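In what follows, a structure is listed as structure tokens, so that the remarks can point back to it.
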Amino acid sequence: MKRSQTKKKRATIGSAQDILTASEAARYVRLTLPTFYRYLWNGTIPSSKIGGRYRFQKSLLDRWLWKKPQGEQVSGRNKLAGTVSAIKRDAILAQVTIDVGGHVITAVITRDALESMDLKIGDRAIALIKATEVMVIKEG
């Protein structure tokens with residue numbers, strides 16, 4: 001076997017470890033198998049069919065779980081995942097509204113940032129909140 005063929009074979013084996021069966025994927029995302037299948041059939045969990053059977057890529061499951069990809073380091077801990085529910089554009093700025101479990105967070109970002117992220121209504125997004133102080137007011 002030639003050296004280039006050996007390297008090619010190793011690359012294929014390494015990427016095959018990223019592919020999971022349904023039961024392996026359910027364990028990986030820490031769901032019971034029936035719950036996992038319910039999410040799968042609703043189209044919530046990303047999958048592919050290979051030979052008539054569902055297969056799952058770890059990197060796509062990580063994205064579904066909102067895990068950080070390798071190399072992405074953010075010091076902020078106040079991250080709220082939700083769905084973009086509204087966008088208002090101006091010449092320079094954009095107002096983005098994110099629905100986080102029934103609560104609404106509105107952020108003002110540059111229009112350039114909005115366009116470079118290709119953000120649209122219905123997209124999943126994370127609101128990263130960085131604050132230097134929090135005030136509390138007691139009611140009544």
Of Val96, Val84, the only residue that is open to solvent by less than 80 Å² (accessible area, probe 1.4 Å) and in contact with a Gly (Cβ under 7 Å, 6 or more places away or on another chain) is Val84
Within the bounds of the range 5-19, is there any residue that is over 19 Å from Arg124 (Cβ atoms) and at pLDDT 85 or above?
yes
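Can you name every residue in the range 107-118 that is open to solvent by 80 Å² or more (accessible area, probe 1.4 Å) and assigned to a strand (DSSP E or B)?
Kept after step one, since they are open to solvent by 80 Å² or more (accessible area, probe 1.4 Å), are these residues of the range 107-118: 108, 112, 115-118.
The one that is open to solvent by 80 Å² or more (accessible area, probe 1.4 Å) and assigned to a strand (DSSP E or B): Val108.
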Taking the range 119-140 and keeping residues more than 30 Å from Thr44 (Cβ to Cβ) and either open to solvent by less than 70 Å² (accessible area, probe 1.4 Å) or part of a strand (DSSP E or B) (or both) leaves Ala131
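The values are calculated or read from the model by the stated rules, or taken from the named source; none is laboratory data. Everything quoted here is computed from the prediction, not taken from an experiment. Using ideal geometry, Cβ is built from the backbone for each residue, glycine included, and neighbour counts are taken over all protein chains shown. Note: accessible area is taken over every heavy atom of the protein model, side chains too, but ligands, DNA and RNA are not part of it. Shrake-Rupley method; radii C 1.70, N 1.55, O 1.52, S 1.80 Å.
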